[in-house]
Amino acid sequence: MRDKLVVKVDSRGRITIPKEARKKADIESGDILFMNLSPGRVELTRAIEDHLVELAAYAEKEYKDGNTQNLRDFAEEEGIILDE
């Protein structure tokens, strides 16, 4: 795949991500993408590759599996005093 591809914005503000770009980025129909915006630039990132999304999913799984502990309980066990 070339490093840069040219796409055209249609009258409704949409673009089509070319097949070769979707394949290289492993983007499939229905995927959720984040848009990172800066002046003159739009960057798309797959949501599942976002580190915060991965961290949140991991934390949720650990919580559901019972592998988490209340912060106050942990602090008390470790002799850490938390400010009220």
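The values are calculated or read from the model by the stated rules, or taken from the named source; none is laboratory data. Everything numeric here is computed off the predicted structure, so don't read it as measured data. No Cβ is skipped: glycine too gets one built from the backbone with ideal geometry, and neighbour counts run over all protein chains shown.
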Quiz item: Within region 73-80, is there a residue that is in contact with a helix residue (DSSP H, G or I) (Cβ under 9 Å, 6 or more places away or on another chain) and not in a helix (DSSP H, G or I)?
Solution: yes
Q | GLU84 at pLDDT below 90, assigned to a loop (DSSP other than H, G, I, E, B) and of a type in the set (Asp, Glu) | A | yes
Cβ pairs under 9 Å, 6+ apart or interchain, first in region 67-84 and under 27 Å from ALA57 (Cβ atoms), second not in a loop (DSSP other than H, G, I, E, B), ordered by first then second residue, are ASN67/LYS61; THR68/ALA59; THR68/GLU62; GLN69/GLU77
Got at least one residue in region 25-46 being more than 20 Å from ASP3 (Cβ to Cβ), in a helix (DSSP H, G or I) and under 13 Å from the mean Cα position of the chain (by Cα)? no
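Hey, any hits in region 36-52 for a residue that's farther than 30 Å from ILE15 by Cβ, of a type outside the set (A, V, I, L, M) and out of contact with any Phe, Trp or Tyr (no Cβ under 9 Å at 6 or more places or on another chain)? Lay out the reasoning, then the answer.
Taking region 36-52 as the starting set, the residues that turn out to be farther than 30 Å from ILE15 by Cβ are none.
No: region 36-52 contains no residue that is farther than 30 Å from ILE15 by Cβ, of a type outside the set (A, V, I, L, M) and out of contact with any Phe, Trp or Tyr (no Cβ under 9 Å at 6 or more places or on another chain).
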Of the listed residues (ASP31, ASP3, ASP65, ASP10), the one being among the acidic types (Asp, Glu), loosely packed, with under 11 Cβ neighbours inside 10 Å and at pLDDT below 90 is ASP3
